[in-house]
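Right, one structure below, let's go through it.
Read-outs: derived from the displayed coordinates by stated rules, not from any lab. Please read all numbers here as calculations on a predicted model, not as lab measurements. Cβ: placed from backbone, ideal geometry, glycine included. Neighbour counts: every protein chain shown.
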Amino acid sequence: MHNFKELSVWKKARELTKKVYILLQNLPDHEKYSLILQIQKSCISIPSNIAEWSWRWGTKEFIHFLNIAYWSAFELETQIILSHDIWYINQIEMETITESIHEIQKMIYWLIQHNKKT
């Protein structure tokens, strides 16, 4: 078993999830089962899929779960931008969250490329 808790990208994804959940507290209640739920799902998917790898032993499986985390990060970025577009979050909140997302996307991309070589 691999220790996903040692991966910097998993730690950063956890921090991002916390930031996003705090931000979601300010969204209107009528979005509870639509936009909020979608944001929660994509956000949780990032660290969860990185951790999923810890129970798998092969590089192929690791890349598979990293790809899911990577796609979820782009999905989350889109949802955060949309939240700004419809005035649920302000410019600074959007930029802060998207900067964190971009950092995680780069880290996941690097891990994918690095593991493809092995």
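Sorting check: for 18-26, 105-113, which peptide has the highest mean count of neighbouring beta carbons within 10 Å, and how do the rest follow? List each step's numbers first, then the result.
Details: 18-26: 14.1, 105-113: 16.6.
The peptides rank, most packed first, as 105-113, 18-26.
Post the alpha-carbon centroid distance, region 81-95 to region 1-76, in whole angstrom.
Spelled out, the Cα-based centre of one part sits 20 Å from the other.
Report, to the nearest 10°, how far helix 59-85 tilts away from the longest principal axis of the Cα atoms in the chain, using its own Cα long axis and a range of 0 to 90°.
The angle comes out at about 10 degrees.
Roughly what angle does helix 35-52 make with the longest principal axis of the chain, taking Cα atoms, 0 to 90 degrees, to the nearest 10?
The angle comes out near 20 degrees.
May I ask you to sort I89, I39 by Cβ crowding, counting other Cβ atoms within 10 Å and putting the fewest first? Intermediate results must be reported in sequence, preceding the final value.
Details: I89 21, I39 24.
Ascending number of Cβ neighbours within 10 Å: I89, I39.
Out of (i) 122; (ii) 89; (iii) 104, which label holds the value of volume of the Cα convex hull per residue in Å³ that was computed here?
After the calculation, the listed value that fits is (ii).
What size of dipole, in debye to the nearest 20, comes out for the chain about its Cα centre when the only charges are +1 on Lys and Arg C-beta atoms and -1 on Asp and Glu C-beta atoms?
On the way: 13 positive and 13 negative charges, 127 e Å.
Approximately 620 debye in magnitude.
Considering the options L16, I80, I46, tell which one lies farthest towards the positive end of the dipole of the chain, charges being +1 on Lys and Arg and -1 on Asp and Glu at the Cβ, about the Cα centre.
I46
Suppose the chain between E31 and I86 were pulled fully straight at 0.36 nm per residue; how much longer would it get relative to their current alpha carbon spacing? Write out the running numbers ahead of the final one.
Values: separation 55, 0.36 × 55 = 19.80 nm, distance 1.18 nm.
Full extension of this stretch gives 18.6 nm more.
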